[in-house]
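Asks: Sending over a structure as structure tokens; questions will come in a sec.
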Amino acid sequence: MSGSIQDMNNRVNQNRSLKPSNRARFKENNRDNIYSDSEPSPTKLTFKKISEIELKKIKERIKNKALKDRTRETYIFIFLVAALLGLLILLIK
């Protein structure tokens, strides 16, 4: 029994040693160097710059879609509960 516990502890220590250091990850801008090779990555992400008005429109669209989805899910839930209650009443009679 103690051999398997020791083996588990050895595996945990070995896996921990494979992780990159947590110290440099959040200091300054060292995040790029954690998993990169010696060369800088040629496929760095670039984000579009958009105006505040366009950003507000996008946020409003997302809120409206979330509200529609939430309403639809609520109706489906109510329908399923009503169907289950109806089935339960039929089974009891």
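Asks: Conditions first: (1) surrounded by 10 or more Cβ atoms within 10 Å (Cβ to Cβ); (2) modelled with pLDDT of 55 or more. Residue 44 passes all but one, so which condition is the exception?
Replies: That leaves (1) as the condition not met.
Asks: Name the one entry in 62, 50, 92 that is of a type outside the set (Ser, Thr, Tyr), surrounded by 10 or more Cβ atoms within 10 Å (Cβ to Cβ) and modelled with pLDDT under 95. Don't jump to the end; show me each part of the working.
Replies: Numbers: 62 fails: modelled with pLDDT under 95; 92 fails: surrounded by 10 or more Cβ atoms within 10 Å (Cβ to Cβ).
Of the residues listed, the single one that is of a type outside the set (Ser, Thr, Tyr), surrounded by 10 or more Cβ atoms within 10 Å (Cβ to Cβ) and modelled with pLDDT under 95 is 50.
Asks: Output the residues belonging to the range 51-75 that are more than 25 Å from the chain's Cα centre (by Cα) and of a type outside the set (D, E, K, R). Even if it seems obvious, please write down each step before you answer.
Replies: Of the residues in the range 51-75, the ones more than 25 Å from the chain's Cα centre (by Cα) are 51-54, 75.
Within the range 51-75, 51, 53, 75 qualify.
The values are calculated or read from the model by the stated rules, or taken from the named source; none is laboratory data. Because the structure is a prediction, the values reported are computed rather than measured. Every residue, glycine among them, receives a Cβ derived from its backbone with ideal geometry; neighbour counts consider all protein chains shown.
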